[in-house]
Amino acid sequence: MNKTYLIFKHEFLQAIKKVGFIVLTFIVPVLALVAIGLFELVTTLTEPSVKEVTTVGYVDEVGIFSEQTDQGLIKLVPFTSREDATQALVRRDVSEYIVIPSDYTSSGTIQRYTLAKELIPPPITTHLIESFLAWNLLKDDVSPEVITAIVSPLNLEVTRLDENGDIAQEQGNIGNIIIPGVFSLLLALALQFSAMSLVSGLAEEKESRLIDVLFSSVSVRQLLIGKVLALGTAGLLQALVWLISSTSPVALGLLLIRRIFKHHSDTPQLPPSRHCVFYLGLSAICRNFRWYRRH
Amino acid sequence: MAAVEVSHLCKTYADVTAVNDLSFSVDPGEILGLIGPNGAGKSSTIKIILDFMRPDSGVVKIFGQQMNEALKDQIGYLPEERGLYKKLTAIDLILYLSSLKGMDKAMAEEKANVLLEQTGMLEYKNKKNKEMSKGMGQLIQFIVTIIHDPDLIVLDEPFSGLDPVRTEAIQNIIGNLRDEGKAIILSTHQMNKVEELCDRVLMINKGRTVLYSDLVETRAKFRRNSVQVAIDGELGDLPGVIDRKLTNSSVELFLAPDTTPQTILDQLREQGIAINRFEVTTPSLNEIFLNLVRADHE
């Protein structure tokens, strides 16, 4: 039998039989599940169960803004003067108010007043106010469908064509970037595992002079190829176990958490990339910690 | 054809000459004792023979060929410093290393059981190596060395750390291997084992050959003209005796150049002295070794 294969077989079986390997392979998914579960639990508990409706006051000095005051999560309440609006804000009847000045149509400037310290206005608020303004500006001249299109003018659907002008089989999407990235990480981890195991294994064999016995039977090339392939395969196997376990068990765990605490009926949808990166990061830390402890 | 033929081997590490123009051969069915003080160049010589390192000059031929991968299956090597895969059981280690020598698993298992039995290790075959004593580990490695029926066996200190019972078992196995026609290089500091086992001896010091000859011839060559005598009572004057040296239970009589041991024996008989022991003095290999090394240092 090929001696390289014999070394590969021996080294692979020894690597996957090690207690450290088994523990690390199966403990990382458990740790990841616990960590992600805790993160989701905290997030779920802290986020409001019913999305609150924000009331925003407005003072219309132009006199044309009266429709579409109910924007779903934002309700716009008219005030006749800035003073009334300020009083309402101080009383916290409204969370903020805007003033549409009389020269708005020429200047395009809206004044916004709030009690909160913020770097920039919340994007959702800005978008809904924009929608409110656009609707009222165009309501007399344009159909509601066109107004909706103007408010949200772009829903871009991209289709990649091949060189013949046909729809390409592989469409560019986030998965095309993430999947190679994840597999690069897997490869890096497998290489790291093999390199560390190879060096420590060879040092041990050199120290005990067992390497002399091995070299009396096989060449340096056979020994190294057998070892590198075996340890690389073991590393990939471990990473594969983590990758597989990063989907189903975690998803089930999250579903359970959400069901228990929120009675949500929807299946949790964590991006797979987030799982993978989290898993691989955690596993790299665990592995390095173990390696440094050993040396 | 010689099993090993070494011609004018030289090896230098920086400014230290480890092997200096060394030439020798080992024939099938022969045990060559490789002896020398620490740092004499024994390990370097063995490593060059096994192709672990290249000589600066000189040629090594194993069964008439330069070392190659196919030849490795015909060689068994027991290094001086021994180590085992600690987490493997004895039998697993033997089977793995024998597979690297091209042995079929079933045959290796059968042979391993025989050798484990011979060395008194059968009951420990499923024990992990880390649970074994140094001597037990050594026996396992000895089994690994010979299990594949090699034609050339290189043993570096095979008896160190072994109890007398197991030493005898190993010694018997080595003797049997020689009788089967195996060529054996035995490197050891235990001179008594060299005397008991070896056919020829190669003594090296500072990388050079100090002595390379048949063991019987070596003893004859270094024999002193003296006899060991043990008698009841006092030993009177004996013509032809130029000096005498008392030991615990006997006296060594140093003879004049023209006096033979037979002459002394005849004189003792004529004087009616009861002789308990009469022996022509043969220097031990240890004495020869010490004398040669001292002379070489001077």
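The values are calculated or read from the model by the stated rules, or taken from the named source; none is laboratory data. No experiment lies behind these values; they were computed from the predicted model shown. Because the Cβ atoms are built from the backbone with ideal geometry, glycine has one as well, and the counts that use them run over all protein chains shown. Side chains included, ligands, DNA and RNA excluded: accessible areas come from the protein's heavy atoms. Shrake-Rupley method; radii C 1.70, N 1.55, O 1.52, S 1.80 Å.
For this structure, a couple of remarks:
- Residue within the stretch B:120-128 that is more than 14 Å from chain A (Cβ to nearest Cβ), buried (at least 18 other Cβ atoms within 10 Å of the Cβ) and under 25 Å from the mean Cα position of the chain (by Cα) present: yes
- Residues in the stretch B:23-73 that are outside any loop (DSSP other than H, G, I, E, B), charged (D, E, K, R) and without any contact (Cβ under 8 Å) to a residue 24 or more places away in the chain: B:LYS47, B:GLU69.
- The residue list B:LEU22, B:LEU50, B:LEU78, B:LEU84 contains one member that is away from every other protein chain (no Cβ under 13 Å) and buried (at least 16 other Cβ atoms within 10 Å of the Cβ), which is B:LEU22.
- The listed residues are A:SER131, A:SER95, and the only one of them that is over 18 Å from A:VAL62 (Cβ atoms), surrounded by 11 or more Cβ atoms within 10 Å (Cβ to Cβ), touching a helix residue (DSSP H, G or I) at 6+ places or on another chain (Cβ under 9 Å) and of a type outside the set (Phe, Trp, Tyr) turns out to be A:SER95.
- B:LEU93 being aliphatic (A, V, I, L, M), free of Cβ contacts under 8 Å to residues at least 40 places away in the same chain and within 14 Å of chain A (Cβ to nearest Cβ): no
- A count restricted to the stretch B:96-119 and to residues that are hydrophobic (A, V, I, L, M, F, W, C), within 14 Å of another protein chain (Cβ to nearest Cβ) and more than 19 Å from A:ALA15 (Cα to Cα) stands at 4.
- Residue match in the stretch B:171-180 (condition: more than 23 Å from B:ASN286 (Cβ to Cβ) and among the acidic types (Asp, Glu)): yes
Yes/no per residue for (1) of a type in the set (A, V, I, L, M); (2) touching a helix residue (DSSP H, G or I) at 6+ places or on another chain (Cβ under 9 Å); (3) crowded, with 20+ Cβ neighbours inside 10 Å:
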site: B:LEU97; (1), (2), (3): yes, yes, yes
site: B:GLY135; (1), (2), (3): no, yes, no
site: B:PHE142; (1), (2), (3): no, yes, yes
site: B:VAL165; (1), (2), (3): yes, no, no
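- Residues satisfying the stated conditions in the stretch B:53-75, i.e. open to solvent by less than 30 Å² (accessible area, probe 1.4 Å) and either over 22 Å from A:LYS9 (Cβ atoms) or more than 8 Å from chain A (Cβ to nearest Cβ) (or both): B:VAL60, B:ILE62, B:LEU71, B:ILE75
- If the condition is being in contact with a Pro (Cβ under 9 Å, 6 or more places away or on another chain), open to solvent by 20 Å² or more (accessible area, probe 1.4 Å) and not aromatic (Phe, Trp, Tyr), then the stretch B:213-241 contributes B:ARG219, B:ARG223, B:ARG224, B:ASN225.
- Scanning the stretch A:204-237 for residues that are away from chain B (no Cβ under 12 Å), more than 32 Å from the chain's Cα centre (by Cα) and surrounded by fewer than 22 Cβ atoms within 10 Å (Cβ to Cβ) yields A:LEU224, A:ILE225, A:VAL228, A:LEU229.
- Screening A:LEU13, A:LEU24 for residues that are within 14 Å of chain B (Cβ to nearest Cβ) and either open to solvent by less than 30 Å² (accessible area, probe 1.4 Å) or modelled with pLDDT of 75 or more (or both) leaves exactly one candidate, A:LEU13.
- In the stretch A:142-161, residue farthest from A:ILE64 (Cα to Cα) [restricted to those that are modelled with pLDDT of 85 or more and loosely packed, with under 11 Cβ neighbours inside 10 Å]: A:LEU161
- Filtered residues of the stretch B:25-50 (kept if at positive phi and either out of contact with any Leu (no Cβ under 9 Å at 6 or more places or on another chain) or of a type in the set (A, V, I, L, M, F, W, C) (or both)): B:GLY29, B:GLY39
- Strands (runs of 3 or more DSSP E) wholly inside the stretch B:183-265 containing at least 3 residues that are touching a residue at least 60 places away in the same chain (Cβ under 8 Å): B:183-187, B:200-205, B:208-214
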